[in-house]
Amino acid sequence: MKLRLYSTLFLGILLFSHCKKEEGYGGLASIEGRVYAVDYNKDGEFVDEGYVGDREVYIGSLSVKKNTNGDEVETSKVIDRIRTSYDGFYIFEGLRKGTYDVWVYSLCSKCVDDVTPIVRRVEVKGKKSRIVLEDFKIDL
């Protein structure tokens with residue numbers, strides 16, 4: 001009877017010790033938010049506004065390098081991009097501690113490519129951090 005009890009107890013401990021969620025390649029932190037858009041017609045008159053779906057949101061890792069003049073230059077390498085859901089929601093999961101840039105593009109009639117990035121720099125400080133960013137506000 002004692003042997004059966006100890007065997008059951010040992011198996012139970014063994015099973016539950018392997019149910020722990022592992023960090024994995026990317027990590028356990030997340031960054032989320034929403035994209036809000038204001039739409040104007042070709043004459044610049046207001047048409048509509050609200051949370052917008054199917055917009056690309058990018059995340060990149062920040063790095064500092066020296067250019068040929070020896071000056072430090074910050075650059076971001078795109079890690080991932082996703083599209084917002086119907087209500088403007090996005091989430092990047094599986095992140096590790098570190099500094100990230102999250103950005104979307106907004107129309108800009110005065111810009112060279114007719115778009116400009118709106119960038120938020122975010123520091124993930126904890127292993128299981130959940131960061132909710134302020135809404136991105138873009139022009140369509």
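Where a number appears in this text, it was derived from the coordinates with a stated rule and is not lab data. Since this is a predicted model, take the numbers as computed values, not measurements. When we count neighbours, we look across all protein chains shown, and the Cβ atoms used for this are built from the backbone with ideal geometry, even at glycine.
What to note about this one:
- Each of Glu49, Glu72, Glu123 has some number of other Cβ atoms within 10 Å of its Cβ, and from fewest to most they run Glu72, Glu123, Glu49.
- Rel. contact order, % - alpha carbon contacts under 8 angstrom, at least six apart, the stretch 36-84: 33 percent
- More than 19 angstrom apart: percent of Cα pairs within the stretch 48-122: 49 percent
- For the set Lys77/Lys127; Lys66/Lys97; Lys77/Lys125; Lys65/Lys128; Lys110/Lys137; Lys77/Lys128, the pairs lying more than 27 angstrom apart at their alpha carbons are Lys65/Lys128.
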